[in-house]
Amino acid sequence: QSGFLSKAEYVTPANIFVDASAADYVTCFQQSLDCSEDKTDESQRKLLTLKGGKLQLEMSIKLRLLQSARDVSYVFTLEPVAVERIDILESKLKNQREELEKLRANRDNATRIFLYAESKTWLSSSKLLWDPLNSDYFALTADKTSITVLHPGVYAVGVLVNHLPAQTNNGGTLAAEKWSSSSVRCDRGSLL
């Protein structure tokens, strides 16, 4: 509730780790809180009740480095949090979980659509002239140079281009084969 703590609020000259980031401290504190209370030789923690409904968390951690051990202690005053705020967060989290479950169900039940389209003709404007399509999910534009998506979704589009060898000015031939693939999000009426 009070926001993020600066390192100066929990690090003193007696318990500092040289070059440690805030994430390093969080990892250390997490390990201390996760360990069994029976393991008193490595880590100890106490939760004390203070006036005004506050709590104080005292943690003592034994660090071992190069044949030596050092005991460091940290003290945190825990402010009470309004129950309404926790209820609001729980409600938002529940809504997010439900939405995620719906999205996963939709993904698993999604219709798989496949289109195989061919073109044997290039127009002078470097556009393909598509052969007729037999699909409820795609349609050709009137000039047959574009394919219209009729069903919204995310599509993986793969294109394979083959052409016969072309004669060059010096008598050689050129041949090409190209495969390309990408993912595209399409709304109804999008052109591929």
Check: In this structure, is residue 123 in the same structural domain as residue 160 (by TED's automatic domain parsing), farther than 17 Å from residue 160 by Cα, touching a residue at least 12 places away in the same chain (Cβ under 8 Å) and aliphatic (A, V, I, L, M)?
Finding: yes
Notebook entry, point to check: List pairs: first in segment 135-160 and under 19 Å from residue 123 (Cα atoms), second loosely packed, with under 15 Cβ neighbours inside 10 Å and of a type in the set (Lys, Arg), Cβ under 7 Å, 6+ apart or cross-chain?
Noted result: 145/127
Margin query: Tally up the residues in segment 46-87 that are modelled with pLDDT under 80, part of a strand (DSSP E or B) and among the charged types (D, E, K, R), please.
Written below: 4
Item checked: Any strands (runs of 3 or more DSSP E) falling wholly within segment 97-187 and containing at least 1 residues that are of a type in the set (Asp, Glu) and modelled with pLDDT under 75 -> 173-186
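The values are calculated or read from the model by the stated rules, or taken from the named source; none is laboratory data. Quick caveat: nothing in here was measured; it's all calculated off a predicted structure. Methodologically, a virtual Cβ is constructed for each residue, glycine included, from the backbone with ideal geometry; neighbour enumeration extends over all protein chains shown.
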